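Report on one structure; see the data block that follows.
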Amino acid sequence: MTPTMKLLLAATVAATPLIAAGTAQAEGEKYILVSHAPDSDSWWNTIKNAIALASEQMGVEVEYRNPPTGDLADMARIIEQAAASGPDGIITTLSDFDVLSGPVRSAVDSGVDVIIMNSGTPEQAREVGALMYVGQPEYDAGLAAGERAKEDGVESFLCVNHYISSPASTERCQGFADGLGVELGEQMIDSGQDPAEIKNRVQAYLSANPDTDAVLTLGPTSADPTLLALDETGMAGDIYFGTFDLGANIVQGIKDGVIEWGIDQQPFLQAYLPVVVLTNYHRYGVLPGNNINSGPGFVTAEGLEMVEKFAGEYR
Amino acid sequence: MADTPQIVMDERVKQISPMRRAMIRPELGGIVGTIAVFVFFGLFAFDSGMFNSQGIMNWSVVSAQFMIIAVGACLLMIAGEFDLSVGSMIGFAGMMMAIFGVTLGWPMWVAILVTFALCISIGALNGFIVVRTGLPSFIVTLAFLFILRGFTIFLPQTIERKTIIGGIREAAEGDWLAALFGGTIGKGFFTWMGEAGIIATFERGTRAGEPVVNGIPMLIVWALGLVVVGHVLLTRTRFGNWIFAAGGDAEAARNSGVPVNRVKITMFMFTAFCATVFAACQVMEFGSAGADRGLLKEFEAIIAVVIGGALLTGGYGSVIGAALGALIFGVVQQGLFFAGVESSLFRVFLGVILLFAVILNTYIRRIITGER
């Protein structure tokens, strides 16, 4: 069995330095941030940068965890795992209350402090026993955007939904439709996550429905290919284009006048503030008395400089 | 098979020492791999919570999930076919239970039984198309991967205008069949362990004083049950020999009277059954069905089976091996979290360790079987 032992030894030796690097711990409290986003969602990079900054400034250790495919049942297991590893606090999204409330509740009951960020509602956060909720109410943000578009004379729209399995995405489209005062139906397309597919589907929809007034995208994943699609068909700058979230291309689009506005939910705050709040709570026992709304803020062509500088990094 | 006892001595059968016979098992690689993985995480993650009651339950449940689909995938792979629609089938089955049980308001046991019937028929259709057209099962089931996922998104979107249907836990309250998937057993034992201080208890909230793990989920019971049934079927029955024969050389098997087509279709149905069991356990535990459930699970099943020593080409493998493969995969995946591996490097580790597991297994198989 000598070759076997050799292999085994080789495997252990090869993996050792990497594992050791992973566990190199900073002094101080240990927090885990669990997101629902699949690996392919680039928007969460801002979250990672924000927790890296917060952990450095506060002198705590923050780990980022996510289900690789975005499967929420896998996310429930990750929360259970996070609780079992005994951190001081967990920061997590509540993108499906049915699936995640049980594991989050168990974590709270076993003595781990929890803050809900990004997805979920303040009511749900209270129900699972979380300290607070930091985020942007999705439906309200969509509604505000819809009302704004209506004022600008929009009557029909296309919603490019790249993450149709997340209820939050659908709520954004629903809010926008309600803001415009139209029924949500065929205008919401399931675009998938692949840039080429998204581009082709947007082009297909717009050529089949040439009288569409506006396009709403739900983040950089769908906005970037949509920008290309509009550019190719020559509709860029002509059709009313609004998007959720920011990214380098979206900022450029706003600057070029192709995109009317971007709704900034300020993910930086969603990740940064919970770390700061938890650390101060654990060190000094102080806790803000209410939930924190990190958005919505509309980013338009005015005042783009700061946004442009940090787009995709902290904005 | 290696462990079929020889009753009559035959001059054509080579004499094998009992020691060597005990070693020549497809699952030997899986056993060595399992020990290696536990030693590895014992060294690197021992005090990280991985081996307290919550931690053990965490990786056990994840491994059990892999096991349920791996048993089906293993038998099908030994029979010489693939099923890439397993992940989509999980999402589809869960969604159908939710639509029948919540949207249409049927009693949950009816919803579950109808879903099982529906999904097993789709499995049979998969198998029927494969044996009738002679197309590779890879292509046929890939088509069903898209078809089923598409319906899983379309149906709730059309009926409920959303992609997640909740309220299943309430609908399944007190249902006898639902409890068979979503419940736990051994509650008294765990309560006793909590009181005796063997396992941790909740510190606060409405469940303060209760143990953090309050029983063994039915998911694990199903996984072990399926492993036992699959193992006995494969190694102790005539049908099991047919499975090996169908996957080894279908034409030779046909010529010696094995109903190859029937065996393959039955295995497709069994794979669908396993996927539906997975879905039922998940839906009953979490109380909702989502359009994204089960993504990429077909590959996880195949990975577990291959780690467990089965050949991708069919005709060789073992259910116990697949179960150990599922255990290795589950422990590695969750263990990496416990070991505090940087999350963006997580997949690198997963890939490296899985590759080592398969290489190790292949070497062991070659050493013991003398195969080139």
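For segment A:138-264, the convex hull spanned by the alpha carbon atoms encloses 88 Å³ per residue.
For residue B:297, give me every one of the lysines with a C-alpha distance below 26 angstrom, ignoring sequence neighbours fewer than eight places off in its own chain. Partners found: B:162, B:264.
The residues neighbouring residue A:208, those whose beta-carbon lies less than 12 Å from its own, together hold a net charge of -1 under the Lys/Arg +1, Asp/Glu -1 convention. Shielding value for B:295-304 is 2, the average number of Cβ atoms from other chains within 10 Å of each residue's Cβ. Computed as a quarter of the hull surface, the mean projected area of the alpha carbon convex hull for chain B stands at 21.7 nm². Note on B:146, B:190: ascending count of other Cβ atoms within 10 Å places them as B:146, B:190, the fewest first. If you look at the Cα atoms of segment B:176-315, you get an Rg and a Dmax of 20.4, 68 Å. Phi angles of segment B:161-177 translate, via the Karplus equation with coefficients 6.51, -1.76, 1.60 and θ = phi - 60°, into HN-Hα couplings of 6, 8, 9, 10, 10, x, x, 6, 4, 5, 5, 8, 3, x, 6, 5, 7 Hz per residue; Gly and Pro are given as x. Counting, for every residue in B:163-173, the Cβ atoms of other protein chains within 10 Å of its Cβ and taking the mean gives 3. When the P(r) of segment B:49-208 is calculated, the portion above 24 Å amounts to 52% of the C-alpha pairs.
Here is the P(r) of chain A: all C-alpha pair distances, binned every 10 Å from 0, give 6, 25, 31, 21, 12, 4, 1, 0 in whole percents.
Near residue B:201, the amide H atoms lying under 5 Å from its own belong to B:212; only residues 5 or more places off or on other chains count, and H is placed 1.01 Å from N. Scattering from the protein assembly as shown was approximated by placing one identical point on each alpha carbon and applying the Debye formula without solvent; log10 I(q)/I(0) at 0.06, 0.12 1/Å stands at -0.37, -1.37. Between residue A:36 and A:93, the built amide H atoms are under 5 Å apart, and every one of these is 5 or more places off in sequence or on another chain.
3J(HN,Hα) couplings calculated from phi for segment A:278-293 with the Karplus curve 6.51 cos²θ - 1.76 cosθ + 1.60 (θ = phi - 60°) are, in sequence order, 4, 4, 5, 5, 6, 8, 10, x, 9, 8, x, x, 8, 6, 10, 8 Hz; Gly and Pro show x.
Values in this text are rule-based calculations from the coordinates and carry no lab data. Since this is a predicted model, take the numbers as computed values, not measurements. No Cβ is skipped: glycine too gets one built from the backbone with ideal geometry, and neighbour counts run over all protein chains shown.
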